[in-house]
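Reading through the structure tokens given below for one structure.
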Amino acid sequence: SRLEDGRLPLDLAACDVGALVERAMEQLSSLAAERNVLVQTDLPASLPRIHADAELIVRVVQNLLGNALKFSGRGSTVLVRAWPVDSEARGTDMPEPNAAHAAMPVSQVCIAVSDRGIGIDARHQEKIFAKFSQVSDRRGGSGLGLTFCKLVVEAHGGAIWVQSAIGEGSTFFFTLPVAADA
Ligand code: ADP
């Protein structure tokens with residue numbers, strides 16, 4: 001609730017995305033082992049640093065990764081990727097780097113967590129970011145994880161969205177601003 005009414009000041013600093021992802025992965029290594037899900041990363045070494053509250057972003061990645069693990073089958077793989085994008089990239093299209101992006105100044109980093117789990121029906125995809133929202137297959141949890149992610153990402157000036165298909169899996173994307181001295 002402090003995030004909601006803007007009473008949580010962000011402790012902003014230039015942060016290395018790889019280090020934040022590593023920290024989130026460490027917190028979830030036993031859940032990954034228990035569920036027999038392999039977590040892979042694809043994080044270019046050249047990625048610019050982000051202007052972010054490290055503690056909060058670790059928790060965002062932890063929530064997304066935790067959900068990816070929860071909703072994946074045994075033996076499945078979860079992938080965490082990140083790449084630079086221009087500031088217009090948001091919405092449902094995947095902002096993969098391309099020639100157009102290369103010509104534009106990079107101002108955001110997009111981070112994506114993909115699973116090959118149960119997927120989310122199109123009619124639930126907007127709703128899941130709302131408070132206490134859970135789809136029928138809940139697998140525990142509070143229905144607040146994605147609400148927290150959305151509040152944190154938006155407090156940073158970023159966006160969060162999902163692409164998913166039932167039975168195929170889900171990818172959650174979010175963007176964060178690049179640090180001035182990145
Ligand atoms: P919860 O604590 O219930 O997991 P979240 O806000 O994190 O709450 O997620 C809300 C709902 O969105 C979940 O209950 C689940 O129905 C759906 N969901 C979230 N992530 C995934 C995912 N990776 N795959 C399938 N469903 C998901």
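Which residues, taken from segment 49-73, are over 18 Å from LEU12 (Cβ atoms), small (Gly, Ala, Ser) and not in a loop (DSSP other than H, G, I, E, B)? Correct list: GLY66, ALA68. Only residues that are away from the ligand (no atom under 11 Å from the Cβ) and surrounded by fewer than 22 Cβ atoms within 10 Å (Cβ to Cβ) were counted in segment 57-72, giving 2. SER46 falls short of the stated requirement of being more than 19 Å from ALA155 (Cα to Cα), in contact (Cβ under 8 Å) with a residue 40 or more places away in the chain and part of a loop (DSSP other than H, G, I, E, B).
Out of ALA45, ALA54, ALA14, one residue alone is touching a helix residue (DSSP H, G or I) at 6+ places or on another chain (Cβ under 9 Å) and within 19 Å of THR175 (Cβ to Cβ). It is ALA54.
Meeting the requirement of 2 or more residues that are near the ligand (Cβ under 9 Å from one of its atoms), within 17 Å of the chain's Cα centre (by Cα) and at pLDDT 95 or above, the strands (runs of 3 or more DSSP E) wholly within segment 74-173 are 108-115, 160-165.
The values are calculated or read from the model by the stated rules, or taken from the named source; none is laboratory data. The shown structure was predicted, so the numbers you read here are calculated from the model rather than taken from an experiment. Cβ: placed from backbone, ideal geometry, glycine included. Neighbour counts: every protein chain shown.
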